[in-house]
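Report on the following structure.
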Amino acid sequence: MKAIGVLVSGRGSNLQALIEAAAAGTLGGRIGVVLSNVESAPALDRARQVGIPAVFRDHRGRKREDFDQELVGLLETHGVEVVCLAGYLRLLSPGFIQAFRGRILNVHPSLLPAFPGLEAPRQAWEHGAKITGATVHLVDEGLDSGPIVRQEAVPVLDSDTPETLAQRILEVEHRIYPPAVRLLLEGRLRIDGRRVLVGAP
Ligand code: GRF
């Protein structure tokens, strides 16, 4: 069974969704290792609770390429074939992208290319958008800029606060991320320029 590596920096609710999908047999693979650049990330505890190797590495004071090469080494040591970003708050270096090109996924809480970067639900709310959502995309060298695999819209309600909107988007993230990971694990994603096409199993 193919192994995925999950990169996290915080709460880890998307990691939890991946853990649950793996346990239910619907992820199409297993989680081989979880890596965090934040020692206190609750995501590390979620992994440890279910016996997944969970490793902290401090990026502070280190060159991005050097740090990322260490992560690549750890991922390879654990036999990782697909990398999932789940609230990982660092841009990946070109060397990292190259090592796993076409095999890195991220989930983002907006309908990209609208509202990339941090606090996307708040950005959408402050902009007065009527519809936002969640996106799963392949990761390239840019910020939230890679080819889109899957999206789902979430309406912005008049009664929403940035927090209530973020919570509804998060529930969508948890639903759409694991199946997208499965498609990549099964080799069903074909990248045609910016377009990602889903092939037969
Ligand atoms: C999610 O909204 C994800 O889309 C974004 O960061 C948040 C991480 O949440 N990249 P969690 O750590 O998965 O709970």
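Readers should treat all values here as calculations from the given coordinates under stated rules, not as data from a laboratory. Being a predicted model, the structure only gives us computed values, none of them experimental. A quick note on method: Cβ atoms are made from the backbone with ideal geometry, for glycine too, and the neighbour counts reach across all protein chains shown.
Look at (1) within 13 Å of the ligand (Cβ to nearest atom); (2) over 20 Å from Ala180 (Cβ atoms) and you find that Pro53 fails only one, number (1).
Restricting attention to segment 81-99 and to residues that are assigned to a helix (DSSP H, G or I) and of a type in the set (A, V, I, L, M), the residue that is farthest from Pro121 (Cα to Cα) turns out to be Ala99.
Is segment 169-189 home to any residue that is assigned to a helix (DSSP H, G or I), more than 21 Å from Ala22 (Cβ to Cβ) and among the charged types (D, E, K, R)? So far as segment 169-189 goes, no, none of its residues is assigned to a helix (DSSP H, G or I), more than 21 Å from Ala22 (Cβ to Cβ) and among the charged types (D, E, K, R). Among residues of segment 39-52 that are of a type in the set (D, E, K, R), those with a Cβ under 6 angstrom from a residue that is surrounded by 11 or more Cβ atoms within 10 Å (Cβ to Cβ), sequence gap 6+ or separate chain, pair up as Glu39/Phe56; Arg46/Gly12; Arg46/Leu15; Arg46/Gln16; Arg48/Ala54. If you go through segment 4-31 and keep only what is under 15 Å from the mean Cα position of the chain (by Cα) and either in a loop (DSSP other than H, G, I, E, B) or over 15 Å from Tyr177 (Cα atoms) (or both), you end up with Ser9, Gly10, Arg11, Gly12, Leu27. Quick check on Leu112: is it of a type in the set (A, V, I, L, M) and within 24 Å of Leu27 (Cβ to Cβ)? For Leu112, the condition - of a type in the set (A, V, I, L, M) and within 24 Å of Leu27 (Cβ to Cβ) - is met.
Matching residues to (1) away from the ligand (no atom under 11 Å from the Cβ); (2) out of contact with any strand residue (DSSP E or B) (no Cβ under 8 Å at 6 or more places or on another chain):
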position	(1), (2)
Gly87	no, no
Gln98	yes, yes
Arg101	yes, yes
Ala120	no, no
Lys130	yes, no
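Residues that are assigned to a loop (DSSP other than H, G, I, E, B) and either farther than 21 Å from Arg168 by Cβ or in contact with a Phe, Trp or Tyr (Cβ under 6 Å, 6 or more places away or on another chain) (or both) within segment 114-150 comprise Val139, Asp140, Glu141, Gly142, Leu143, Ser145, Gly146, Pro147, listed in sequence order. Does Glu76 count as under 21 Å from Gly146 (Cβ atoms), assigned to a helix (DSSP H, G or I) and of a type in the set (D, E, K, R)? No; evaluated as a whole, the condition is false for this residue. Could you say whether any residue in segment 82-89 is touching a Ser or Thr at 6+ places or on another chain (Cβ under 7 Å), on the phi < 0 side of the Ramachandran plot, touching a residue at least 60 places away in the same chain (Cβ under 8 Å) and surrounded by fewer than 20 Cβ atoms within 10 Å (Cβ to Cβ)? Yes, the conditions are met somewhere in segment 82-89.
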